[in-house]
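Written below as structure tokens is the structure these notes are about.
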Amino acid sequence: MAVHIVAEWKDDTYSEYKKLNAQQIYDELRNLGKSLRLPFEQVPPQEAVDFARNNPQSEWYKVFEWNDSVAAEAYRRKQYGAVKGSIITFEIKNPQVEVLDKKGNQMPIPLYINPRHKDVSNPVPTEIVMTEPDLRKSTLEQALKELNAFKAKYHFLTELSKVFEAINQVNIP
């Protein structure tokens, strides 16, 4: 029995990629995997880049920036974001208010977060996000969207059914 796989972009996919044909990219990568005798998920990144470079008519070619100067600068910005996003800072302004883990240890919270709000393009101090109703609501909506994506991805794991029930009960005013 033949199985047909449909490929689509995830909801949170970078908008520039959404202009490309996800099915064609998947098919090209799957075929590359077959030629390497690997499942498409295991195609080494360099093989995928080499395939694209050697097949400029492919949809996969459109994924990459081929101007090396532009690509290098974009990579540096990505590195900057990865490093900056990996640092957790926290500030205790009111020692009576603490966020504790199950063992009673104080948990760090991010000093800045990106509330995904239409009027905000840069990270904002968490304290402001938590006290401004619009920003707080945007952050809650984004968190719920991510939780629902998690639920959709792992819905078949019955061990998580209580987690999914809790997600279903979240109500954002």
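Does at least one position in the range 43-51 carry a residue that is touching a Leu at 6+ places or on another chain (Cβ under 6 Å) and not assigned by TED's automatic domain parsing to the domain that holds K151?
Yes, that holds for at least one residue.
So, of the residues in the range 29-49 that are among the charged types (D, E, K, R) and within 25 Å of the chain's Cα centre (by Cα), which turns out to be nearest to Y14 (Cα to Cα)?
Only one residue tops the list, namely E41.
Per-residue answers, yes or no, for (1) surrounded by fewer than 11 Cβ atoms within 10 Å (Cβ to Cβ); (2) out of contact with any helix residue (DSSP H, G or I) (no Cβ under 6 Å at 6 or more places or on another chain); (3) of a type in the set (K, R); (4) in a loop (DSSP other than H, G, I, E, B):
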{"site": "N122", "(1), (2), (3), (4)": "yes, yes, no, yes"}
{"site": "E127", "(1), (2), (3), (4)": "no, yes, no, no"}
{"site": "K137", "(1), (2), (3), (4)": "no, yes, yes, no"}
{"site": "A143", "(1), (2), (3), (4)": "no, yes, no, no"}
{"site": "N148", "(1), (2), (3), (4)": "no, yes, no, no"}
{"site": "S161", "(1), (2), (3), (4)": "yes, yes, no, no"}
{"site": "P173", "(1), (2), (3), (4)": "yes, yes, no, yes"}
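When you check E41 against the structure, is it in a helix (DSSP H, G or I) and of a type outside the set (V, I, T), yes or no?
Judged against the criteria, E41 is a match.
For V70, work out the one condition from (1) assigned to a helix (DSSP H, G or I); (2) among the aliphatic types (A, V, I, L, M); (3) closer than 25 Å to K153 by Cα it doesn't fulfil.
Condition (3) is where V70 drops out.
Going by the conditions given, is S86 at pLDDT below 90, hydroxyl-bearing (S, T, Y) and within 29 Å of K153 (Cβ to Cβ)?
Criteria met by S86.
Would you point out the residue of the range 1-51, among those that are among the hydroxyl-bearing types (S, T, Y) and at pLDDT below 90, that is farthest from A71 (Cα to Cα)?
Filtering first and then ranking leaves Y26.
Considering every residue within the range 95-104, establish whether at least one is more than 30 Å from K19 (Cβ to Cβ), modelled with pLDDT under 80, in contact with a strand residue (DSSP E or B) (Cβ under 6 Å, 6 or more places away or on another chain) and surrounded by 10 or more Cβ atoms within 10 Å (Cβ to Cβ).
Yes, there is a match, as at least one residue in the range 95-104 is more than 30 Å from K19 (Cβ to Cβ), modelled with pLDDT under 80, in contact with a strand residue (DSSP E or B) (Cβ under 6 Å, 6 or more places away or on another chain) and surrounded by 10 or more Cβ atoms within 10 Å (Cβ to Cβ).
If I ask for residues that are closer than 12 Å to I113 by Cβ and over 19 Å from the mean Cα position of the chain (by Cα), which ones from the range 133-173 would you list?
Of everything in the range 133-173, those that are closer than 12 Å to I113 by Cβ and over 19 Å from the mean Cα position of the chain (by Cα) turn out to be L135, R136.
The values are calculated or read from the model by the stated rules, or taken from the named source; none is laboratory data. Everything numeric in this text was worked out from a predicted model, so none of it was measured. Here Cβ is always computed from backbone atoms with ideal geometry, including for glycine, and neighbour counts include all displayed protein chains.
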